[in-house]
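*Asks:* Below: one structure in structure tokens.
The values are calculated or read from the model by the stated rules, or taken from the named source; none is laboratory data. Remember, predicted model here, so these are calculated numbers, not experimental data. A quick note on method: Cβ atoms are made from the backbone with ideal geometry, for glycine too, and the neighbour counts reach across all protein chains shown.
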Protein chains: 2
Amino acid sequence: MDIFSTLQDEKARLSPSENRIADILLNDFEFAVNASIIELAEKADVSPPTVTRFCRRLGCESFSDFKVQLARTAYVGMRYLKPEPKSTNPGDVAQDIITKAQNALFLLHRSLDLAAIELAAERLSRADMIYAFGSGGNSSMIANELQNRLFRFGLHVTASSDHGMQLMMAAAAKSTDVLIGSSFSGRNGELVRAFTLARESRVTTIALTQSNSPVAQVAEIVVPIDLQEGSNIFRPTSTRIAYLAVVDILASLVAYAIQPKAAVALRRIKQQLVAHRDGDDRQLLGD
Amino acid sequence: MDIFSTLQDEKARLSPSENRIADILLNDFEFAVNASIIELAEKADVSPPTVTRFCRRLGCESFSDFKVQLARTAYVGMRYLKPEPKSTNPGDVAQDIITKAQNALFLLHRSLDLAAIELAAERLSRADMIYAFGSGGNSSMIANELQNRLFRFGLHVTASSDHGMQLMMAAAAKSTDVLIGSSFSGRNGELVRAFTLARESRVTTIALTQSNSPVAQVAEIVVPIDLQEGSNIFRPTSTRIAYLAVVDILASLVAYAIQPKAAVALRRIKQQLVAHRDGDDRQLLGD
DNA sequence: TCCCTTATTAAAATTCTTTTCATGATCGGT
DNA sequence: ACCGATCATGAAAAGAATTTTAATAAGGGA
């Protein structure tokens, strides 16, 4: 577990002096990782022993252990306390985007519901047919991605971003099928309808969405993904990266669950692709 | 700049003793970040002053500064030295995938050609019409993503993953248009043809691909993305995440270049979406 | 109010880190 | 092969930083 979550958890129970130390960590992090215990103590207006105790309280061996933990967490975890890009020049924008993406992954990792993912993977790997639904630029990409990943293992999958088709497919699905749907906002009413319909025939329904959202409420298995977008309206990507990572995890688990079948299918696809190009075997599966 | 690249650069010039220290960092990193200078010196079979000198050589103030730098870089940067997932249980798979994704972003950030990106963004923002091409599950997703991002700014874009259409569109494009194509492998022969055709009419051509690949060779502007996939054939995702991040950067720079126009278009799209749902304004742009 | 618990620190002890200086090795040029 | 210069290294000393100890202060009930 990392320091910042511990800090969040403990902050209320901290004494006034310790709170001053915590504040420095949160506000002037750069200073904190570089300072000696004495400097830090001075800045917080406490004595060095208080700092040592503070570190121990947060689960560290010693002050230097604490600094290492801090630095380690911070590379990724800290940045979300400093929200916006410094300027619109390419270097800063790139840095900001990449940091946000790494953060999204970091937060995702922390909040993953592994049990749900495992269950979802298990159902997917046994499905007679898989329907992957999602609409709007983001979720439809996820639906396509699911198709793209799963068909390679020899599974039967189709993706749709068309509400009408989704409803018809949901109505036609059987109890041995799986419907997996993505909704970033959790408020895709049509998807809710499709899920509801599918559950009437006891089709397994899996939702990748925000927990406690309308979509989450109607799905049998919910893989919660709770990340809020940064306030910059131009940029919805980091959440998508998190979704992609979840799909990746799901697909990998499915692959492991059905190893032999998947390997055969993959080999065939690969041969097909290589024949179609110039025989370079090192290329990707697909482009 | 981070310690690991410095280490890579310097390693050849290091003395034998210093090399032993470097080896410990690379092989037993966990030990290294937690050890005191004395422990580290002992393990490397050198004296503490040698360690101090080693740290200075790598550009750090002191040993403790060095440890902080190390820990900071390591959270993301270090992991790629330990390649494969430990097991196929969900926790390990998730950890492995997320680490790889973060690494892909980390390596991408290091190798970004900002000048090329800036130039590409500038051309995109002035284009009369943008054609986004890509085939195969991965690149076609990127093409769609480009469309999805750019149309929101009021630009004219179309994406295609169909070779025939691509050729026709490339033939029809004018010199005020921009053709942007993605190829993970760089060996998409049809895309090469489309690029070649487009350049005959002096259409601006932008490639997101591996440097020095066939696709890169025919494009006017190359945004190089050079990451090799891990050896696990089940998993091509982390490269895609890097491509997505590049698209994100490009799209953001385009947005900044054409601010007012983009903001208006976005507002309209947002109203449309909100009206269509249940009026919750906090949701994403699209699902 | 008094006593107990907890928080805090000054000072001492300890441990870690760096500097200094001396030694040994290496290398290029005679 | 020899010499001198440069570099690498470590022992010991000096200097910091950190932790422990033990004593004080500050709250919070009985």
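*Asks:* Among the numbered criteria (1) within 11 Å of another protein chain (Cβ to nearest Cβ); (2) in contact with a Leu (Cβ under 6 Å, 6 or more places away or on another chain), which one does residue B:109 miss?
*Replies:* That leaves (2) as the condition not met.
*Asks:* Inspect all residues belonging to the range B:129-150 and state whether any of them is at pLDDT 95 or above and either over 20 Å from residue B:183 (Cα atoms) or of a type in the set (Lys, Arg) (or both).
*Replies:* yes
*Asks:* While we're looking at this one, here's another question. Give me a count of the residues in the range B:54-72 that are near DNA strand C (Cβ under 8 Å from one of its atoms) and farther than 17 Å from residue B:9 by Cβ.
*Replies:* Selection size over the range B:54-72: 6.
*Asks:* When residues of the range A:113-130 are filtered for being without any contact (Cβ under 8 Å) to a residue 60 or more places away in the chain and surrounded by 22 or more Cβ atoms within 10 Å (Cβ to Cβ), how many remain? Before the answer, list the steps.
*Replies:* Step one: filter the range A:113-130 for residues without any contact (Cβ under 8 Å) to a residue 60 or more places away in the chain, giving A:114-115, A:126, A:128-130.
So of that shortlist, the ones also surrounded by 22 or more Cβ atoms within 10 Å (Cβ to Cβ) come out as A:130.
Selection size over the range A:113-130: 1.
*Asks:* May I pose another question? From B:223, B:218, which residue is away from every other protein chain (no Cβ under 13 Å), farther than 18 Å from residue B:129 by Cα and touching a residue at least 24 places away in the same chain (Cβ under 8 Å)?
*Replies:* Details: B:223 fails: away from every other protein chain (no Cβ under 13 Å).
Testing whether each residue is away from every other protein chain (no Cβ under 13 Å), farther than 18 Å from residue B:129 by Cα and touching a residue at least 24 places away in the same chain (Cβ under 8 Å) leaves just B:218.
*Asks:* Is it the case that residue A:232 is more than 17 Å from the chain's Cα centre (by Cα), at pLDDT below 95, within 9 Å of chain B (Cβ to nearest Cβ) and surrounded by fewer than 17 Cβ atoms within 10 Å (Cβ to Cβ)? Can you show your working first?
*Replies:* On the way: more than 17 Å from the chain's Cα centre (by Cα): yes; at pLDDT below 95: yes; within 9 Å of chain B (Cβ to nearest Cβ): yes; surrounded by fewer than 17 Cβ atoms within 10 Å (Cβ to Cβ): yes.
For residue A:232, the condition - more than 17 Å from the chain's Cα centre (by Cα), at pLDDT below 95, within 9 Å of chain B (Cβ to nearest Cβ) and surrounded by fewer than 17 Cβ atoms within 10 Å (Cβ to Cβ) - is met.
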